[in-house]
Amino acid sequence: MKLLVILLMLVSSFSQADVVKPALVEISIMSDKLIEIEIDLSLEAAMTGIGTQYKKTTDAPNSELYDDLRALKSQQLQQRFSDFEAKFLDSLVFKVNGQVQQLSLENASIDIIGYKKRPRKTILTYHAYPDSWPEALSWQYGKIYGDSALRWQVYKKDEYNWSQWRWLRDGAPSGVIDLNHPKPVSNYQRFIEFVDIGFDHVMPMGWDHILFIIGMALSSLLWRKLLILVTSFTLAHTLTLGLAMIGVIEVSARIVEPLIAFSIAYVAIENLLIKQSIKRKSIVVFIFGLIHGLGFAAMLKEFEMAPDSFITTLIGFNIGVELAQVVIVFAVVGVLLTLRRLKLNYRQLAVIPVSVLIALVGFWWGVERLIG
């Protein structure tokens with residue numbers, strides 16, 4: 001009974017936590033030299049100083065204030081942001097031709113409350129009016145907010161051409177970007193960049209996928225069985241990730257997100273069975289992998305990859321996801337093997353209690369997402 005109470009407390013802390021997502025920043029230089037900056041971010045995290053250095057919002061000292069803001073309706077949150085905006089702008093540094101630019105807010109698009117497991121999407125649109133045509137620019141997002149991604153486009157010959165995404169770690173400045181002579185980005189650089197993004201999407205940002213992989217890794221210490229399960233999951237999510245990215249498959253997040261949560265619960269519940277059919281479980285894992293692939297695609301689509309680098313970035317992202325998956329599997333297996341070498345009952349000490357916890361979390365998230 002005491003163990004169950006502890007598990008429920010942990011479930012509560014999981015369910016109230018949002019992952020902390022990096023901001024996506026897009027800079028557009030218009031034909032009349034007007035500059036538009038769109039910042040896709042978690043506004044509540046920005047207003048409470050919670051950056052990507054925290055795996056989830058409950059790790060941060062201002063988590064209670066974050067929860068209060070997260071419960072506000074869109075209009076209420078926008079009113080709160082009006083009082084905070086000056087401080088937010090102080091954390092940004094945007095220069096054009098070496099001169100610091102003043103930014104004016106044109107629009108704030110704030111999503112509905114939704115279920116409180118995934119950060120609410122907000123897009124802030126700012127304008128800047130440089131004195132002369134932009135030939136070079138530089139950008140720095142607030143260091144307190146951690147990681148962000150940046151891309152830009154310039155109006156030329158009746159069209160806009162996006163640059164590749166640039167990943168800025170820990171609030172690092174972009175450096176001077178020469179708009180007249182942009183530095184070419186090789187396929188290898190794009191590949192490495194999206195390997196990093198794919199890894200980060202699972203560790204530390206993707207609690208859905210982390211819990212599913214842990215539940216899967218708890219199934220057995222026999223490497224052949226684990227290999228079958230991991231391969232089934234990998235093939236499945238790779239398939240739907242690719243198909244979703246080219247537009248062949250499109251499923252609403254209102255369907256995908258609850259299914260992902262319930263898949264976590266199901267895989268964990270199966271670990272409580274004394275005898276497990278590896279054939280049945282591999283089929284189940286494959287089916288759930290198809291669903292998780294749609295979840296990966298929803299995130300990757302936010303980057304709007306250029307056609308000429310589509311394959312490179314897609315492969316890089318997928319490899320990053322697989323590397324994170326391998327790290328999690330080896331960590332779980334390492335813990336179980338250590339317990340077994342100590343001649344402890346690793347099933348009673350680790351497999352059963354952790355599986356119960358994961359099942360409760362998955363079920364809780366599933367219900368929460370259906371209601372949301």
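The values are calculated or read from the model by the stated rules, or taken from the named source; none is laboratory data. Not measured: the values here are computed from a predicted model. Methodologically, a virtual Cβ is constructed for each residue, glycine included, from the backbone with ideal geometry; neighbour enumeration extends over all protein chains shown. All accessible areas refer to the heavy atoms of the entire protein, side chains included, with ligands and DNA or RNA removed. Shrake-Rupley method; radii C 1.70, N 1.55, O 1.52, S 1.80 Å.
List of remarks:
- Checked against (1) in contact (Cβ under 8 Å) with a residue 40 or more places away in the chain; (2) more than 25 Å from S148 (Cα to Cα); (3) among the polar types (S, T, N, Q), T313 meets all criteria but (2).
- Residue in region 155-165 that is farther than 30 Å from Y126 by Cβ, modelled with pLDDT under 85 and either open to solvent by 40 Å² or more (accessible area, probe 1.4 Å) or among the aromatic types (F, W, Y) (or both) present: no
- Scanning region 78-92 for residues that are farther than 20 Å from R120 by Cβ, exposed (fewer than 15 other Cβ atoms within 10 Å of the Cβ) and either touching a Gly at 6+ places or on another chain (Cβ under 7 Å) or of a type outside the set (D, E, K, R) (or both) gives a single hit, A86.
- Among the residues of region 206-244, those that are in a helix (DSSP H, G or I), open to solvent by less than 30 Å² (accessible area, probe 1.4 Å) and over 21 Å from Q276 (Cβ atoms) comprise D208, H209, I210, H237, T240, L241, G242, A244.
- Boolean, W133 is of a type outside the set (S, T, Y) and either part of a strand (DSSP E or B) or open to solvent by less than 70 Å² (accessible area, probe 1.4 Å) (or both): no
- Any hit, region 32-48, residues being closer than 20 Å to P204 by Cβ and at pLDDT below 80: no
- The criterion of being in a loop (DSSP other than H, G, I, E, B) and either open to solvent by less than 70 Å² (accessible area, probe 1.4 Å) or modelled with pLDDT under 90 (or both) holds for M305.
- In the set (1) charged (D, E, K, R); (2) modelled with pLDDT under 85; (3) surrounded by fewer than 21 Cβ atoms within 10 Å (Cβ to Cβ); (4) in a helix (DSSP H, G or I), D196 fails one condition alone, (2).
- Yes/no for S82 being of a type in the set (G, A, S) and closer than 25 Å to P204 by Cα: no
- Qualifying residue in region 337-345 (condition: crowded, with 18+ Cβ neighbours inside 10 Å and out of contact with any Lys or Arg (no Cβ under 6 Å at 6 or more places or on another chain)): no
- Of note, V25 satisfies the criterion of being surrounded by 21 or more Cβ atoms within 10 Å (Cβ to Cβ) and modelled with pLDDT of 90 or more.
- Any hit, region 340-351, residues being touching a residue at least 40 places away in the same chain (Cβ under 8 Å), within 23 Å of A297 (Cα to Cα) and in a helix (DSSP H, G or I): no
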